[in-house]
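S.K.: Got a structure for you, questions after.
The values are calculated or read from the model by the stated rules, or taken from the named source; none is laboratory data. Quick caveat: nothing in here was measured; it's all calculated off a predicted structure. Here the Cβ positions follow ideal geometry from the backbone for every residue, glycine too, while neighbour counts run over all protein chains shown. With ligands, DNA and RNA removed, areas are computed over all heavy atoms of the protein, side chains included. Shrake-Rupley method; radii C 1.70, N 1.55, O 1.52, S 1.80 Å.
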Amino acid sequence: MTDDVLYLSGHQVTELLDTDAAIASQRAAFTALGDGTADLPGKIMHPSGFDDSVMFAYVARLSADTGAVAKIGSVNPGNATAGLPTVHAVINALDPVTGRLVAVMDGTAVTTLRTAAGSAVAFDALAGADSTELGLLGSGTQALAHARAVARVRHLEAVRVWSPTPGRRARAAQRLAAELGVAAKAVDSAEEAVAGLPMVAACTLSSTPVVRGEWLAPGCTVVSVGSFEPTRSEVDADVVRRAAAVVVDDPDTAAGHAGPVVDALRHGLLTTEDLIPLGGVLTGRYRGRTSPDDIVYYNSVGLGIQDAAAAWAVIDAARGAGL
């Protein structure tokens, strides 16, 4: 290890990687996947035998001029009650030529930014161009980041926020109204947050559905980021059944990790050939939405290539800032 390694805190990561830059990094990540040019080994997700946490490790490389990136971390659902992020992680980035350590950075901030930015890329590719209202399931760090990111790809005018705790959802709505200048309000049920809206983002750690297909309006685009392991399903089978397209971050990964997808494959609602990769949509190899009335479902479990793209965007920004 040398003295010129970049050590970046979560605050520094957030300062260096704004929402637009994060979205650009995720567009690059999924485009590389769609082109087949990225290195993406299988991810490790391991539920702990000691508590309800999940340990994970991702490794990926975006391109020849960016080196390998490894992220290790833990998902701790109980953090939400203490007002803490449920995901904590650290990221190491290696030089593309020598493999030496280039940077160590807070992986929590990177995960928050790249997850929301990836969803914004999905909404931009899949949601109707005139979509201006968002139903937000969740009121924590990730949910707030999603609203901010969606506001960069659509002219967001209104947000409905629901989470199980009235005080938390009220504070989230107040914060979004102040930050984004939108009509944000807390609502009393998940159904009220979803019904009639063109865009829905589920950002929870629920193991049971918080979004039901019967609530969805024609033309709705549903994004779920909390169904990242087989035991977690933020959406019910009717969402999958009603969806004209089921889009995923990576079909092989989704088939083994995404709860609603795993269930649908097991029960014959889907085949692996039905899973549409987001990168394929971005590169034009696949179509997501084919009609204004299509319901489109996007499930993201998170990929190492997202971290690789975001981490190198942070490194480039840090070097540009003279750090």
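S.K.: Quickly run through the range 1-40 and pick out the residues that are part of a loop (DSSP other than H, G, I, E, B), within 20 Å of ASN92 (Cβ to Cβ) and in contact (Cβ under 8 Å) with a residue 12 or more places away in the chain. Outline the logic, then answer.
M.R.: Filtering the range 1-40 for residues part of a loop (DSSP other than H, G, I, E, B) gives 1-5, 9, 17-18, 36-38, 40.
Adding the requirement that they be within 20 Å of ASN92 (Cβ to Cβ) leaves 1-5, 9, 17, 38, 40.
Those that are part of a loop (DSSP other than H, G, I, E, B), within 20 Å of ASN92 (Cβ to Cβ) and in contact (Cβ under 8 Å) with a residue 12 or more places away in the chain: MET1, THR2, VAL5, SER9, LEU17, ALA38, LEU40.
S.K.: Does PHE56 satisfy the condition of being among the hydrophobic types (A, V, I, L, M, F, W, C), over 21 Å from ASP95 (Cα atoms) and open to solvent by less than 20 Å² (accessible area, probe 1.4 Å)? Can you show your working first?
M.R.: Numbers: among the hydrophobic types (A, V, I, L, M, F, W, C): yes; over 21 Å from ASP95 (Cα atoms): yes; open to solvent by less than 20 Å² (accessible area, probe 1.4 Å): yes.
Spelling it out, PHE56 is indeed among the hydrophobic types (A, V, I, L, M, F, W, C), over 21 Å from ASP95 (Cα atoms) and open to solvent by less than 20 Å² (accessible area, probe 1.4 Å).
S.K.: Return the residues of the range 46-66 that are without any contact (Cβ under 8 Å) to a residue 60 or more places away in the chain and over 20 Å from GLU229 (Cβ atoms); say none if nothing qualifies. Spell out the reasoning first.
M.R.: Residues of the range 46-66 that are without any contact (Cβ under 8 Å) to a residue 60 or more places away in the chain, as a first pass: 46, 48-53, 55-57, 63-65.
Matches in the range 46-66: SER63, ALA64, ASP65.
S.K.: Keeping to the range 298-318, report how many residues are in a helix (DSSP H, G or I) and either touching a residue at least 40 places away in the same chain (Cβ under 8 Å) or under 15 Å from the mean Cα position of the chain (by Cα) (or both). Before you say what the answer is, go through the steps one by one.
M.R.: In the first step, residues of the range 298-318 are kept if they are in a helix (DSSP H, G or I); the result is 304-318.
Filter once more, so that each one left must be either touching a residue at least 40 places away in the same chain (Cβ under 8 Å) or under 15 Å from the mean Cα position of the chain (by Cα) (or both): 304-315, 317-318.
Residues in the range 298-318 being in a helix (DSSP H, G or I) and either touching a residue at least 40 places away in the same chain (Cβ under 8 Å) or under 15 Å from the mean Cα position of the chain (by Cα) (or both): 14 in total.
S.K.: Mind listing just one residue for me: the one in the range 159-181 that is in contact with a Ser or Thr (Cβ under 7 Å, 6 or more places away or on another chain) and open to solvent by less than 20 Å² (accessible area, probe 1.4 Å) and, of those, nearest to GLY226 (Cα to Cα)?
M.R.: Per the criteria, the residue is SER163.
S.K.: Determine, yes or no, whether GLY73 is open to solvent by less than 40 Å² (accessible area, probe 1.4 Å), part of a strand (DSSP E or B) and either modelled with pLDDT under 90 or under 21 Å from ALA258 (Cβ atoms) (or both). Working first, answer last.
M.R.: Numbers: open to solvent by less than 40 Å² (accessible area, probe 1.4 Å): yes; part of a strand (DSSP E or B): yes; either modelled with pLDDT under 90 or under 21 Å from ALA258 (Cβ atoms) (or both): yes.
Here the answer is yes, as GLY73 does meet what is asked.
S.K.: Please find, within the range 90-101, the residue that is nearest to ALA186 (Cα to Cα) out of those that are touching a residue at least 40 places away in the same chain (Cβ under 8 Å) and open to solvent by 10 Å² or more (accessible area, probe 1.4 Å). Show your work before the answer.
M.R.: Step one: of the range 90-101, the residues touching a residue at least 40 places away in the same chain (Cβ under 8 Å) are 91, 93, 100-101.
Remaining after also requiring open to solvent by 10 Å² or more (accessible area, probe 1.4 Å): 100-101.
Working: ARG100: 48, LEU101: 45 Å.
For the range 90-101, the residue satisfying everything is LEU101.
S.K.: Condition (residue is assigned to a strand (DSSP E or B) and buried (at least 24 other Cβ atoms within 10 Å of the Cβ)) applied to the range 281-297: is it met by at least one residue?
M.R.: The initial filter retains those residues of the range 281-297 that are assigned to a strand (DSSP E or B), namely 296-297.
Going one step further and asking which of them are buried (at least 24 other Cβ atoms within 10 Å of the Cβ), we end up with 296-297.
Yes: one or more hits.
S.K.: Can I ask one more? Which of (1) part of a strand (DSSP E or B); (2) open to solvent by 50 Å² or more (accessible area, probe 1.4 Å); (3) more than 27 Å from TRP162 (Cα to Cα) does ILE276 not meet, given it meets every other one?
M.R.: Result: ILE276 passes all but (2).
S.K.: Among the residues of the range 119-135, is any assigned by the TED database to the domain that holds LEU176, modelled with pLDDT of 95 or more, closer than 30 Å to GLY167 by Cα and open to solvent by 40 Å² or more (accessible area, probe 1.4 Å)?
M.R.: Within the range 119-135, one or more residues are assigned by the TED database to the domain that holds LEU176, modelled with pLDDT of 95 or more, closer than 30 Å to GLY167 by Cα and open to solvent by 40 Å² or more (accessible area, probe 1.4 Å).
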